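Peer 1: Below: one structure in structure tokens.
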Amino acid sequence: MPLALRQMLAILLLAVIPAVATGLWHPRRPSWQSDEVTLAAAGAWGQSVLWVDARPDSDFARAHIPGAQPLNEDYWDDLLPGLLDHWDATRKVVVYCSSLSCQTSRDVARRLREEVNLPNVFVLEGGWEAWERQQH
Amino acid sequence: MTKTRHRIVATLIGLLFLYAGCMKLLDPAAFAVDILNYRILPWTGAVLLALYLPWLEVLCGAALIFRRAYRGALHITAFLFALFLAAYGSTRPRGLDIDCGCFGHGMHRGYWSTLAVDVLLLAILVWLIKSDVRPPVQKL
């Protein structure tokens, strides 16, 4: 076997050991359960869903999912109390941003879990674009 | 002189890989999300890669710096750059506008500048691989 190939295999195998340790003990290890939900799955939850709109205020003012509460990182402290007024322990929080590739819904969902300690916080796959597509 | 130049370049790329791997290791959960955003792997695949890839980068970086398993590390590093080039290059045509996740979560760089840097580094790695071919042993 050529030297380069042997060395490649050694490195590839060696990386498995710390990777397993990271998966077991790293404080910021990812969960094996995805927090993304499809529109169909969220729709099946019916009235128990509390929609959270993580887009900028101007986008929220233009249009949003009926009943959604605005919460973005620019005005976090101002908007959070309004969201909590609508929340109770039976509700599932589904955060959305503008599209499939936007990141803000994940950041808002993470802060709701870690800073506000809300359980059952999910991210809508496809975001507002998915909702709009379904309406048309 | 050429040998020294090779060593300096390989060490710099090694440091870059070491830094990239360490930044990803700070928050593997966020890196899994970055991988998922490419919409190539399902969540489980993204988690597995988020746990494995940073360590592969750290090991390759260390191997390039300390010249242990050097040739193997060069090949893996070049392969990773080529893989990233294909994956990230495909995002814009697929209508995605995402962070590359190259140096951990939240680093914003432009699409074309990211691709340009990647192509440049890949070209350097190919040059290092080609120039590392040792001459055949002379038989007496």
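The values are calculated or read from the model by the stated rules, or taken from the named source; none is laboratory data. None of the values given here were measured: they were computed from a predicted structure. Here the Cβ is made from the backbone with ideal geometry for all residues, glycine too, and neighbour counts use every protein chain on show. For the accessible areas, the whole protein counts, side chains as well, though only heavy atoms, and no ligand, DNA or RNA atoms are used. Shrake-Rupley method; radii C 1.70, N 1.55, O 1.52, S 1.80 Å.
Peer 1: Of everything in the range B:28-72, what is small (G, A, S) and either outside any helix (DSSP H, G or I) or in contact (Cβ under 8 Å) with a residue 40 or more places away in the chain (or both)? Give them in sequence order.
Peer 2: Result: B:A30, B:G61, B:A62, B:A63, B:A69.
Peer 1: Looking at B:R92 and the list (1) modelled with pLDDT of 90 or more; (2) under 18 Å from B:F17 (Cβ atoms); (3) of a type in the set (D, E, K, R), which single condition is not satisfied?
Peer 2: Condition (2) is where B:R92 drops out.
Peer 1: Going through B:L18, B:L56 one at a time, which residue ends up being modelled with pLDDT of 95 or more and more than 13 Å from chain A (Cβ to nearest Cβ)? Steps first, answer last, please.
Peer 2: Numbers: B:L56 fails: more than 13 Å from chain A (Cβ to nearest Cβ).
When all the criteria are applied, what remains is B:L18.
Peer 1: Still on this structure: Which number in (1) over 17 Å from A:A109 (Cα atoms); (2) touching a Pro at 6+ places or on another chain (Cβ under 9 Å) marks the one condition that A:L3 misses?
Peer 2: Exception for A:L3: condition (2).
Peer 1: Same structure, new question: Out of the range B:23-50, which residues are more than 14 Å from B:L96 (Cβ to Cβ) and in contact with a His (Cβ under 7 Å, 6 or more places away or on another chain)?
Peer 2: B:D27, B:P28, B:A30, B:F31
Peer 1: Also, I was wondering about something else. It is to be established whether one or more residues within the range A:71-87 are farther than 30 Å from B:K24 by Cβ and touching a helix residue (DSSP H, G or I) at 6+ places or on another chain (Cβ under 8 Å).
Peer 2: Yes, that holds for at least one residue.
Peer 1: Continuing with this model, one more query. Taking helices (runs of 4 or more DSSP H) that do not extend beyond the range A:48-136, which have at least 1 residues that are open to solvent by 60 Å² or more (accessible area, probe 1.4 Å) and either in contact with a His (Cβ under 8 Å, 6 or more places away or on another chain) or under 23 Å from B:D97 (Cβ atoms) (or both)? Spell out the reasoning first.
Peer 2: On the way: elements: A:57-62, A:76-86, A:104-114, A:127-135.
The qualifying helices (runs of 4 or more DSSP H) are A:57-62, A:104-114, A:127-135.
Peer 1: Any idea which residue in the range A:1-47 is surrounded by the most Cβ atoms within 10 Å (Cβ to Cβ), counting only those that are hydroxyl-bearing (S, T, Y) and not in a helix (DSSP H, G or I)?
Peer 2: For the range A:1-47, the residue satisfying everything is A:S34.
Peer 1: Go through the range A:48-71 residue by residue and tally those that are of a type in the set (S, T, N, Q) and touching a Lys or Arg at 6+ places or on another chain (Cβ under 7 Å).
Peer 2: 1
Peer 1: Select, from A:D57, A:D53, A:D85, the only residue that is touching a Cys at 6+ places or on another chain (Cβ under 9 Å) and more than 14 Å from chain B (Cβ to nearest Cβ).
Peer 2: Result of the check over A:D57, A:D53, A:D85: A:D53.
Peer 1: Further question: State whether one or more residues within the range B:26-49 are at pLDDT 95 or above, more than 8 Å from chain A (Cβ to nearest Cβ) and under 26 Å from B:I129 (Cα atoms).
Peer 2: Checked the range B:26-49: at least one residue is at pLDDT 95 or above, more than 8 Å from chain A (Cβ to nearest Cβ) and under 26 Å from B:I129 (Cα atoms).
Peer 1: Mind listing whichever residues of the range A:17-43 are within 7 Å of chain B (Cβ to nearest Cβ) and within 16 Å of B:L59 (Cβ to Cβ)?
Peer 2: A:P18, A:A19, A:T22 - these are the residues of the range A:17-43 that are within 7 Å of chain B (Cβ to nearest Cβ) and within 16 Å of B:L59 (Cβ to Cβ).
Peer 1: Let me ask you something else. Evaluate the range B:108-121: report whether one residue or more is of a type in the set (S, T, N, Q), modelled with pLDDT of 90 or more, closer than 23 Å to B:W55 by Cα and surrounded by 14 or more Cβ atoms within 10 Å (Cβ to Cβ). Can you show your working first?
Peer 2: Step one: list which residues in the range B:108-121 are of a type in the set (S, T, N, Q), which gives B:113-114.
From what is left, the residues that are modelled with pLDDT of 90 or more are B:113-114.
If we keep only those that are closer than 23 Å to B:W55 by Cα as well, we get B:114.
From what's left, surrounded by 14 or more Cβ atoms within 10 Å (Cβ to Cβ): B:114.
Yes: one or more hits.
Peer 1: Going by what's in this entry, would B:L12 be described as without any contact (Cβ under 8 Å) to a residue 24 or more places away in the chain, closer than 16 Å to B:F103 by Cα, open to solvent by 30 Å² or more (accessible area, probe 1.4 Å) and under 13 Å from the mean Cα position of the chain (by Cα)?
Peer 2: Working: without any contact (Cβ under 8 Å) to a residue 24 or more places away in the chain: yes; closer than 16 Å to B:F103 by Cα: yes; open to solvent by 30 Å² or more (accessible area, probe 1.4 Å): yes; under 13 Å from the mean Cα position of the chain (by Cα): yes.
Yes: the conditions hold for B:L12.
Peer 1: Picking from B:A69, B:A82, B:A73, B:A63, which residue would you name as being under 21 Å from B:D132 (Cβ atoms), open to solvent by 30 Å² or more (accessible area, probe 1.4 Å), in contact with a helix residue (DSSP H, G or I) (Cβ under 7 Å, 6 or more places away or on another chain) and facing chain A (nearest Cβ under 7 Å)?
Peer 2: Answer to the check: B:A69.
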